[in-house]
Amino acid sequence: MGESRIDEVIKDLINDSTNPTVGILGSPAAVHIRIAAKADSREEAQALIDPVDVQIRNYFPDLVMGIDNDTLEGVVDQLLCDRGWTIAIIETVSGGKIASKMTAIQAKSYCFGSVYPLGTLDLDTIHAQPLDFSRHSLLNYTPNCSLVAVVADPAAGICEATFTHPDGQETWSLGKCGQSNVMQERIAILALEYLRRFLIKTT
């Protein structure tokens, strides 16, 4: 959900709240909603913030990723660890961005990552690519290892992510693809966000 849509949904909170105050800060990775309270103690400030926090979460069920310094990749890592799952990441059009994010936080769930140029994959369709590649790759891992495979159909200009896990398989459309750094970052964020939503809903 974009910054403008979030602003529209909570504009009354932004305009009418005085203590705590509510504001929005957009970024490529996420939209941050800031709730700031003035009080004589941290505990009193938190007591003012909590009801507004609940109200915002009710506006956006399952879309609030975290609080304070939480990152999308950090939340995904914790959700995977809570299940006892590890994850391998196979990427094409995202250029290794997902694996880089997991490596940067030293994710405990992350066990392997690889990037393959699209021309090296001899598979019939975009739908077959993640399915076949995931099954082939997972043969080398433990039963609790899951795998995200991100592939693309350059002719159609679209990409998909497939998440193969111990309980089954999910496939998500990630929309348009491209080789620019901005597009690779967008694809990585979308893949991690779909993964987070799946892990939360099936906890």
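Descriptive notes on the structure:
- The requirement of being at pLDDT below 85, hydrophobic (A, V, I, L, M, F, W, C) and closer than 20 Å to G2 by Cα is fulfilled somewhere in the range 30-48, by at least one residue.
- Among (1) outside the structural domain of M183 (by TED's automatic domain parsing); (2) at pLDDT below 85; (3) not β-branched (V, I, T) - the single one G66 does not satisfy: (2)
- Evaluated against (1) farther than 19 Å from E193 by Cβ; (2) within 20 Å of the chain's Cα centre (by Cα), R57 falls short on exactly one condition, (1).
The values are calculated or read from the model by the stated rules, or taken from the named source; none is laboratory data. The shown structure was predicted, so the numbers you read here are calculated from the model rather than taken from an experiment. Here Cβ is always computed from backbone atoms with ideal geometry, including for glycine, and neighbour counts include all displayed protein chains.
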